[in-house]
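Inspection log for the structure reproduced underneath, given as C-alpha cells.
The values are calculated or read from the model by the stated rules, or taken from the named source; none is laboratory data. Keep in mind the model is a prediction, meaning the values are calculated, not measured. In this analysis, Cβ positions are derived from the backbone assuming ideal geometry, glycine residues included, and neighbour counts consider all displayed protein chains.
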Amino acid sequence: MVVLNPMGNPPAIESLQMAPRLDSLDGKTVYLIDMRFDDGDIFLQQMKGWFNEHMPEVNTVLKRKSGVYTQDDDALIGELKEKSDAAVVAIGH
C-alpha cells in the first residue's frame with residue numbers, strides 16, 4: 001500500500017516589508033481597487049462614500065482591475081505608481 005501526503009511541498013515565501021505609512025491623507029489620492037472577487041466592488045463603493053463624507057480632502061479613485069483577481073493588470077499597476085499616493089485593495093467579502 002502506498003500513501004501520499006496531499007499537502008504537497010509549498011514554495012519558500014519571501015518576506016516583504018509594508019510600504020511606509022503616510023503622515024496624513026490630506027490632499028492625497030487613494031485608489032480603491034476592486035480585484036473582481038465576490039462583492040469587493042460593493043464594499044469599495046461604500047468606502048468611497050465614507051471618504052467623501054468624512055474626509056473630503058482625500059481624492060478617492062475607484063478602479064476595477066481587468067481580468068480575474070489571480071491575473072496581473074500591468075496597466076493598472078503603472079497607473080497606481082504614477083498617480084496614487086496609497087491604495088486599498090479589496091479581494092472579497
Going through segment 12-38 in order, the residues found to be free of Cβ contacts under 8 Å to residues at least 60 places away in the same chain, of a type in the set (A, V, I, L, M) and surrounded by 11 or more Cβ atoms within 10 Å (Cβ to Cβ) are VAL30, LEU32, ILE33, MET35
For segment 28-62, which positions are small (Gly, Ala, Ser) and touching a strand residue (DSSP E or B) at 6+ places or on another chain (Cβ under 8 Å)? GLY40
So how many residues does segment 17-57 have that are of a type in the set (A, V, I, L, M), assigned to a loop (DSSP other than H, G, I, E, B) and under 16 Å from the mean Cα position of the chain (by Cα)? 3
Hey, among the residues in segment 63-84 that are surrounded by fewer than 15 Cβ atoms within 10 Å (Cβ to Cβ) and not in a helix (DSSP H, G or I), which one's nearest to the chain's Cα centre (by Cα)? ARG64
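Does ALA12 count as part of a loop (DSSP other than H, G, I, E, B), more than 21 Å from LEU76 (Cα to Cα), hydrophobic (A, V, I, L, M, F, W, C) and at pLDDT below 95? Full working, then the answer.
On the way: part of a loop (DSSP other than H, G, I, E, B): yes; more than 21 Å from LEU76 (Cα to Cα): yes; hydrophobic (A, V, I, L, M, F, W, C): yes; at pLDDT below 95: yes.
It is true that ALA12 is part of a loop (DSSP other than H, G, I, E, B), more than 21 Å from LEU76 (Cα to Cα), hydrophobic (A, V, I, L, M, F, W, C) and at pLDDT below 95.
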